[in-house]
Amino acid sequence: MRLVFCLPLLCIFFGSSAFATTIRSVVCGKWTDPKIWDLNRIPVSTDTIVVSNFVQFDTDFTSESPGFLQVTRSGNLCGLHTYSGHCWFGGIVFIKSIVFYYGRSLADTTVNILETMRVESTGSFKVIAPGRVCVGCKATCDSCKATPILAPGKEEEREAERIKLEKQELEDQEKENETTSCLMTFPNLLLSNGVEENRNLVPACVSKLKSYQLNVFNRWGKLVFSSSWNGPNWNGRSNSGEVLAEGVYYYEFKYEFLKPNAGLISKSLSAWVKLSHQM
């Protein structure tokens, strides 16, 4: 029996290719030619594929987790076919179509896509300066020729940079998730005369927000209370101080918070809350 132990952080920070077999191009040629690959076979869907030469992309290809495609700075991937999966583009890329359907894909080079680019819900794609994406652009492929090879150690540096960026993106997402999940901790029962944590309708982590707007409506849709940043919390009374009748109320909460590397993010949520004046 073969046992495999996986430390969660290691798997996350080193991307989806942590346990994939790595296959590298060693000379220029066609993707479907086993002779251009160091393992003397064509890539399979679960491989980490490293393109460091001119490779003619002469077939559609789909990566599956933990598979990964990396076009290095000295690499050139060119052909009128579709790639689907998870990738890092650092060299010349010109293909027919691309689908990012899992993992965090990145590019810091010009990516020319003749027809379509699609990002599915389980994947993401980010372009890092000076990179750019051109969809619908017509470009010509180079012929199979010698390509400059980076000095020893450069590819390792780029891999370390990729890992660093993935780690930063993960940390940013965790911070956003922390804020959003905290905001979801509104009480669903408001006791105007009860314990402190159920006496006011206010998110538990309001200090993490830049601004917010709270509107409360009765069951007939009439606005009975409204408050904004640094304003009063709703405690079962109207803005004029009138004690509102017990029952079910509907509220909308719109808020803004800072997300690292993305600026000010606006979101909203809404739900029902029951008001009671009993102890």
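Observations, loosely collected:
- Sites PHE186 and GLU120 - FRET efficiency at Förster radius 25 Å, r taken between beta-carbons, to 0.05: 0.20
- Highest mean packing comes first when the peptides 63-69, 232-238, 32-38, 48-54 are listed by Cβ atoms within 10 Å, giving 48-54, 63-69, 232-238, 32-38.
- Residue order, fewest to most beta carbons within 10 Å, for SER84, SER211: SER211, SER84
- Count Lys and Arg as plus one, Asp and Glu as minus one, and take only other residues whose Cβ is under 11 Å from that of VAL248; the net charge is then +1.
- FRET efficiency for SER211 and VAL135, using Cβ-Cβ distance with R0 set to 41 Å, rounded to 0.05: 0.70
- Footprinting exposure proxy for ILE23, ILE128 (fewest neighbouring C-beta atoms within 10 Å first): ILE128, ILE23
- With the simple model of a label 7 Å out from the Cα in the direction of the Cβ, ARG219 to SER238 spans 1.8 nm.
- Coupling constants for segment 120-131 follow from the phi torsions by the Karplus curve (6.51 cos²θ - 1.76 cosθ + 1.60, θ = phi - 60°), and in residue order they are 8, 5, 8, x, 8, 9, 10, 9, 10, 3, x, x Hz; glycine and proline get x.
- Order of ASP47, ASP60 under a 10 Å beta carbon neighbour criterion, fewest first: ASP60, ASP47
- Net charge in the neighbourhood of GLN213 (other residues with Cβ under 9 Å of its Cβ; Lys, Arg +1, Asp, Glu -1) is 0.
- Taking 0.36 nm per residue of sequence separation and removing the Cα-Cα distance, the ASN200/VAL26 pair yields an extension gain of 56.0 nm.
- Multiplying each eigenvalue of the alpha-carbon gyration tensor of segment 33-78 by 5 and taking the square root yields semi-axes of 16, 13, 11 Å, largest first, rounded to whole angstroms.
No value in this document is a laboratory result; all are computed from the given coordinates. Keep in mind it's a predicted model, so treat the numbers as computed, not measured. Ideal geometry is used to build each Cβ from the backbone, glycine not excepted, and the neighbour counts take in all protein chains shown.
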